[in-house]
1. Restrict the check to the range 51-74 and report whether at least one residue is surrounded by 15 or more Cβ atoms within 10 Å (Cβ to Cβ), at pLDDT 95 or above, in a loop (DSSP other than H, G, I, E, B) and among the aliphatic types (A, V, I, L, M).
2. For the range 201-218, state whether one or more residues are part of a strand (DSSP E or B) and within 20 Å of Gly128 (Cα to Cα).
3. Among the residues of the range 166-196, how many are assigned to a loop (DSSP other than H, G, I, E, B), touching a strand residue (DSSP E or B) at 6+ places or on another chain (Cβ under 9 Å) and surrounded by 13 or more Cβ atoms within 10 Å (Cβ to Cβ)?
4. Mind listing just one residue for me: the one in the range 68-118 that is of a type in the set (S, T, N, Q) and touching a residue at least 24 places away in the same chain (Cβ under 8 Å) and, of those, nearest to Cys29 (Cα to Cα)?
5. Test each condition in (1) over 24 Å from Ala174 (Cβ atoms); (2) surrounded by fewer than 21 Cβ atoms within 10 Å (Cβ to Cβ) for Arg205 and report the one that comes out false.
6. Among the residues of the range 124-134, which ones are within 31 Å of the chain's Cα centre (by Cα) and not aliphatic (A, V, I, L, M)?
7. Determine the pairs where a residue that is over 9 Å from Val51 (Cα atoms) and modelled with pLDDT of 95 or more, located within the range 22-39, has a partner that is of a type in the set (S, T, N, Q) and part of a loop (DSSP other than H, G, I, E, B) with Cβ atoms under 8 Å apart, the partner being 6 or more residues away or on another chain.
Amino acid sequence: MLTQNLLPIVLALMPTANNTAVSGLTVECPELVKQLCGLPTDPSATGLPTVTGACDENLQITWTDQVVDAACEAQRFDYIIYRTFHVVDGCGNEGTCRQQIDVMKKVAVLDLHPRSCPNPFNRQGNGGVYPAALLGTPTCDVTQIDPASLKLWLQNCTGGPVLPIRYAYEDVSAPYQGGEDCGCTTAGPDGFVDLTFKFDKRQMRDGLGLNSFPNMSYVRLFVTGRFLDGCDFIGTDCIRVQ
């Protein structure tokens, strides 16, 4: 997707003698910017180019945005904006540069198999469901999540997506507060409503290729979805396959 914008701007630059044209107009873009979804991405928030060598202080700056979606949904990047600035001074000298803006998904707290630690996944049999929850917190109202948007993935989209078969709202678990990789907790309700959902175990096992992992190994999974405000999110937790 391409968008084009115009920004007439006056910068306090030192003009050259007699206001003559300068052929060496230099335009330097701001460095890489990482912006959380929902925050502004216009140049007032992500920066304007630095211009040197202009013949006067009257500059016209335009920019064109190319928006590229992330190749894999199960990663923190939502999409990338490649912004090309075009600068013209009062003598007609021109310069361009390109800026990269990485727009990041919001982060939600995922708890697979709430109140179990570790989070077991029994690969035997073809029936049953597997529980999961997106946990409400003081900064995350899970009632603002679109349940129809939920998808379950392996890391780097090497498996999935698997869709939940049903959902509900209840207070089932508290977030894990430690820092260990694949850490977990058996803590119960904490006063914040959670979005709970169930996966068909056979769909989960086959759709994620869980039979390919060694017995009793830990596998990191990801849930993606969308808030009602249009922002995507990602949450992650581990299961132990057995």
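1. yes
2. Looking for residues that are part of a strand (DSSP E or B) and within 20 Å of Gly128 (Cα to Cα), one finds none in the range 201-218, hence no.
3. Qualifying residue count, the range 166-196: 14.
4. In this case the residue turns out to be Gln99.
5. Arg205 satisfies all of (1) over 24 Å from Ala174 (Cβ atoms); (2) surrounded by fewer than 21 Cβ atoms within 10 Å (Cβ to Cβ) except (2).
6. Tyr130, Pro131
7. Gln35/Thr41
The values are calculated or read from the model by the stated rules, or taken from the named source; none is laboratory data. Note that the structure is predicted; figures quoted are calculated from it, not measured. So basically every Cβ, Gly included, is an ideal-geometry build from the backbone, and we count neighbours across all protein chains shown.
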